[in-house]
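The values are calculated or read from the model by the stated rules, or taken from the named source; none is laboratory data. What you see is a predicted model; the values in this text were computed from it and never measured. Here the Cβ positions follow ideal geometry from the backbone for every residue, glycine too, while neighbour counts run over all protein chains shown. We work out accessible area using only protein heavy atoms, side chains counted, and drop any ligands, DNA or RNA first. Shrake-Rupley method; radii C 1.70, N 1.55, O 1.52, S 1.80 Å.
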Amino acid sequence: MADIYVSNVKAYKAKKIASNVLLYAFLVIVALTILLPFYWMILSSLKSTVQIEQVPPILLMAPSDWKITNYTDLFVLVQSGQRAGEPLFPFFTYMKNTVVVSIITTIGTTITTVLAAFAFARLNFKGRDILFAILLGTMMVPGEIFILTNFVTVYRLGWYSISNQTYLDVLLAMTIPFMTSVFYIFYLRQTFKQIPNELYYAAKVDGTTDFKYLLKVMIPIALPTIITIIILNSMGAWSAYIWPALISCKDEYRLVSNGLRGAFTDTSTGRTDYGQQMAASVLVTLPLLILFFAFRKQIMRGVSRSGIKG
Amino acid sequence: MEIKMANLTKIFISKDKKEVHAVDHVDLVIPSGKLIGLLGPSGCGKSTTLYLIAGLLRQTEGEIYFGEEEMSETPPEKRGIGLVFQNYALYPHMTVRENILFPLENLKVEKEEAKKRTFEMAKLVGLEEMLDRKPKELSGGQQQRVAIARALVKTPRVLLLDEPLSNLDARLRLQTREEIKRIQRETKITTVFVTHDQEEAMSISDEIVVMKDGIIQQMGEPQEVYDKPTNLFVAKFLGNPQINVFDGEIKNKEILIENMFVGKRDLPDQKVFIGVRPEGFIIDQENKSSFHFKVDLVETIGRDTTLIFDMQDDSINILDKKTFKAIIDAGFRIKAGDVVHFNIKPEKMHLFDINGTIL
Amino acid sequence: MEKKNNLRAWLYLAPLLILMAVFTFYPLINAFIVSSYKGYLPLSGTADEIDFFYNFGVILKNPLFKKAVINTFIIAGVSVPVSILLSLLIAVSLKSIPKLKGFFQTIYFLPYVTNTIAIGMAFAFMFHEDYGVINLILGWFGISPVNWLGGTASYAAQMIALLILTIWNGLAFKILVFTSGLENIDKQYYDAAKIDSASKWTVFKRITVPLLSPLILYISITSVIGALKAYNSVVGLFGDVKLGAQNNSMITIVAFVYQYKDGYTDKGYISYAAAASIILFFITAVISILQTVVSKKRVHY
């Protein structure tokens, strides 16, 4: 029996080093694959039209060869047609719209989420568990089911009108329907539930009202979770595509995603200006990446927790 | 398989960047076929020592030999050890059978043979009826025995047990420790048993090793260590109720506690600590021997009576009370408030210098 | 007291419930109602007649819808298992390296914080037959250029490009979740496995995967739901109008629903959309339930 255990230590060590090398090689290849689209997007955005159409494609470019014309061209004003007087890619207008929509939606979502999570975590009321189960059930329903009826609702509320839609109308239409999130309620409720009951009873004995308790005790304790929710939620507006396209009657009311697709194909020739397209993509991606690197820990922790607990 | 540790040292770096010597220059020989109890308070380095033997931790310095073979570079899976974890670490998704079979599968033992040995091992620990259950369907004691079976099934050269009884209730603990002793006798595998419970270690081990702060204090047969502690720590750590420690002195070769004569020793005059086991007192009311105290409290449990003495009657603060305990035969009729005279059995009295080393 | 408490709770829930009543529950019910109208005009609210099966019949007979269902199933059926397997492998590898763990983790998370349309466009250019980096790399291995997305691109080439984008996009979340899932597994099991002489592969197969199985199930359900709703990646890669080199060859169920989005003035269009989205809902529900039931036997604790 014992001969099983007689080991060849040197071989074992060599094997271990080899497996570590293989592991790192694998991880590096994965990392390069993950990074390649970002690299290609940035590199292409810095190429001139000639360089971009070079075959085979240029994979490395010295910084001295970088051109920013693709970026500056995005802001050249259109001479004629429907959008005369506007920049080719009205990035700043879209950015402004996106940020405004993002802030309003996030404020609304945070308020409804905190209040509801408090009710579900702390208060006893009839039908609580059934209601919570129904809300969780709605997470299963694809959003596409809602969108067409919601459009009609928005129309009936007077927020959609081809002839005289105001900026306020668009903001209302883009934000109000998205001020709820069952998922974040679920997430925050978990955090709220971890706050010991004794704190609540102590506050009750001291004559504290529920609302004051929520404000002064629960929110401060759960602040990290709430901040995570705020960050994750505010990123949502960047990806919104179909709804803003549907309900905005004017180009200048749209969000960043909408501006990207189709904007760089010359309709008369069918030629696509890839350089400009990539430059616009970089511009749209950049704010998200900046946000990510600023709040890397909170974002990654929040996302991983949401995955584990769900 | 004899295990030898030479100059074994493990240094951890704590969070505030301090070096913690969990195991500090340990030299130890564990004789082949014996059951050794590695004993000490929590944080003394006993579990670290066990994990070093297992190879799950890498020592900072020193060597570990299994027989003649130096093991430092050998990974745990090649050391031929069985390990029973404190929380058993049974794979929760596998049945008892699969748990026990798992090491054999990894060692590529032939299927029929593996099946046979799994069943034998289940029988050895008395779980042959439970083979198809999952760990969570078993009681704590049964899980415990599965863990032992899993550790033993590959016929390891060394069996390591890390506080294996600490998660069991008192009754089960007694039962299981007898079980472990029986299994060890039957298999004759060199076994290291880590525990913080001195009674457990004393009852189960062929020899015990007492550790403190990563340093071995004493090694020997349980009764020998109990009877002849080499320092105050060992004397205090073994025995329940704990040994009584008096501040005393030696004057003219007489041992004195609060100026009362308790014995003679041929030593120069000095201050000493005098350790007396609770069972070391003999009541001597007739001769009115000089060592006497007023009884504060009498506890009779079964055949033993414990007398508790308060050494400073006038002390106000309860926590400052200096007390000592004497266990006497229940036959003596003694009430609280009585003054009791004692003689002390010389073999139950240990003298330590002010550093705690035996004299 | 009890009653007062009840009232107070509903007050806290009021903002949520009012919004959800209008924008979640009403449209959900309305979708079912609308799907039973024939010749419905949403803005005036008139319909010719009620026929529960008419719209579903029209949709199911539509070859474009069949194409959409097939495409959607291929996307979900390939991208979900592949990305789960890959991300498990990556998470386990991450766990076993001594250094640079956080660095790799951050890189792997990047696809999560991108705009799907923007990154889809980057992919589209990467897959460009002449100017794209993919064909350049394939060339290093002696593979001749593939027409991925061009006017005459084959169905397989387009689908592979779409799958690669989908998998790339989905890895970030899964790697992160699996990595934290692995961290939650008691280290003792791995110590025990070492003592039990288990090889790396055995540990992965017999310990890591079973102990992670509840998480794997959860992730696979959410990923399937996500994949069934594929749309933004298709738009990013192929553009809003065409959805594929040959018209609509890469259409998905969601894209099928959305093609009716401008049909408010056309009779009955919105009912088709409602019917299609209800079918998507049922597919999602059935697959989720099926997954749960089937894997119940395999998921431990």
Notebook entry, point to check: Of all residues in the stretch B:77-104 being within 13 Å of chain A (Cβ to nearest Cβ) and charged (D, E, K, R), which is least open to solvent (accessible area, probe 1.4 Å)?
Noted result: B:R79
Checklist line | Residue, nearest to the chain's Cα centre (by Cα), within the stretch B:182-201, restricted to residues that are open to solvent by 10 Å² or more (accessible area, probe 1.4 Å) and of a type in the set (S, T, N, Q) | finding: B:Q198
Check: Of the residues that make up the stretch C:101-109, is at least one open to solvent by less than 40 Å² (accessible area, probe 1.4 Å) and either farther than 30 Å from A:I17 by Cα or more than 10 Å from every other protein chain (Cβ to nearest Cβ) (or both)?
Finding: no
Next item on the list: Hey, can you tell me all the residues within the stretch C:110-134 that are more than 14 Å from C:L165 (Cα to Cα) and more than 8 Å from chain A (Cβ to nearest Cβ)?
Entry: C:E129
Check: Just for strands (runs of 3 or more DSSP E) wholly inside the stretch B:243-283: which have at least 1 residues that are among the charged types (D, E, K, R) and farther than 18 Å from B:L232 by Cβ?
Finding: B:244-251, B:254-257, B:260-264
Check: So which residues in the stretch A:158-195 are assigned to a loop (DSSP other than H, G, I, E, B) and either free of Cβ contacts under 8 Å to residues at least 12 places away in the same chain or more than 9 Å from chain C (Cβ to nearest Cβ) (or both)?
Finding: A:G158, A:W159, A:Y160, A:S161, A:I162, A:S163, A:N164, A:Q165, A:T166, A:S181, A:Q194, A:I195
Next item on the list: Taking only the stretch A:106-117 into account, find how many residues are open to solvent by 20 Å² or more (accessible area, probe 1.4 Å) and among the hydroxyl-bearing types (S, T, Y).
Entry: 1
Next item on the list: Please determine, by comparing only the residues of the stretch C:242-254 that are more than 10 Å from chain A (Cβ to nearest Cβ) and at pLDDT 80 or above, which one is most open to solvent (accessible area, probe 1.4 Å).
Entry: C:N248
Next item on the list: With the condition kept exactly as written, say whether any residue in the stretch A:152-159 is of a type in the set (F, W, Y), more than 26 Å from the chain's Cα centre (by Cα) and modelled with pLDDT under 90.
Entry: yes
Margin query: Filter the stretch C:59-75 down to the residues that are open to solvent by less than 10 Å² (accessible area, probe 1.4 Å) and farther than 20 Å from C:Y260 by Cβ and list them by number.
Written below: C:I75
Next item on the list: Please find, within the stretch A:182-195, the residue that is nearest to A:T225 (Cα to Cα) out of those that are open to solvent by 20 Å² or more (accessible area, probe 1.4 Å) and out of contact with any Phe, Trp or Tyr (no Cβ under 7 Å at 6 or more places or on another chain).
Entry: A:T191
Notebook entry, point to check: What are the residues in the stretch C:81-100 that are under 17 Å from the mean Cα position of the chain (by Cα) and open to solvent by less than 10 Å² (accessible area, probe 1.4 Å), if any?
Noted result: C:S83, C:S87
Next item on the list: Might you check whether a residue that is free of Cβ contacts under 8 Å to residues at least 40 places away in the same chain and within 9 Å of chain A (Cβ to nearest Cβ) occurs anywhere in the stretch C:159-181?
Entry: yes
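A quick yes/no check of all residues on (1) open to solvent by 60 Å² or more (accessible area, probe 1.4 Å); (2) modelled with pLDDT of 85 or more; (3) within 7 Å of another protein chain (Cβ to nearest Cβ); (4) more than 12 Å from A:T153 (Cβ to Cβ):
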site	(1), (2), (3), (4)
C:V22	no, yes, yes, no
C:S36	no, yes, no, yes
C:G39	no, no, no, yes
C:Y54	yes, yes, no, yes
Checklist line | Subset of the stretch A:246-286 (residues that are surrounded by fewer than 17 Cβ atoms within 10 Å (Cβ to Cβ) and at pLDDT 85 or above) | finding: A:L286
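Conditions tested, residue by residue: (1) among the polar types (S, T, N, Q); (2) closer than 30 Å to A:V78 by Cα; (3) without any contact (Cβ under 8 Å) to a residue 12 or more places away in the chain.
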position	(1), (2), (3)
A:F91	no, yes, no
A:V101	no, yes, no
A:T110	yes, no, no
A:A117	no, no, no
A:L123	no, no, no
A:M140	no, no, yes
Margin query: What are the pairs with Cβ atoms under 6 angstrom where one residue, in the stretch A:223-236, is open to solvent by less than 30 Å² (accessible area, probe 1.4 Å) and the other, located anywhere, is in a helix (DSSP H, G or I) and among the hydrophobic types (A, V, I, L, M, F, W, C)? Sequence gap at least six, or different chains.
Written below: A:T225/A:L188; A:I231/A:I299
Next item on the list: Output yes when any residue across the stretch C:183-191 is touching a strand residue (DSSP E or B) at 6+ places or on another chain (Cβ under 9 Å), without any contact (Cβ under 8 Å) to a residue 12 or more places away in the chain and surrounded by 17 or more Cβ atoms within 10 Å (Cβ to Cβ), and no when none is.
Entry: yes
Next item on the list: Consider B:F261 carefully, then state whether it is assigned by TED's automatic domain parsing to the domain that holds B:I308, open to solvent by 30 Å² or more (accessible area, probe 1.4 Å) and without any contact (Cβ under 8 Å) to a residue 60 or more places away in the chain.
Entry: yes
Check: Taking the stretch B:35-68 on its own, how many of its residues are closer than 24 Å to B:L107 by Cα and surrounded by fewer than 15 Cβ atoms within 10 Å (Cβ to Cβ)?
Finding: 3
Checklist line | Residue ID - most open to solvent (accessible area, probe 1.4 Å), chosen from residues in the stretch A:118-139 that are facing another protein chain (nearest Cβ under 7 Å) and under 28 Å from A:L223 (Cα atoms) | finding: A:N124
Check: If we scan the stretch A:143-153, do we find a residue that is free of Cβ contacts under 8 Å to residues at least 40 places away in the same chain and among the hydroxyl-bearing types (S, T, Y)?
Finding: yes
Check: Going through the stretch B:86-125 one residue at a time, which ones are among the aromatic types (F, W, Y) and at pLDDT 90 or above?
Finding: B:Y91, B:F102, B:F119
Notebook entry, point to check: Based on what the data block shows, is C:S213 modelled with pLDDT of 85 or more, among the hydroxyl-bearing types (S, T, Y), under 20 Å from C:L86 (Cβ atoms) and surrounded by fewer than 21 Cβ atoms within 10 Å (Cβ to Cβ)?
Noted result: yes
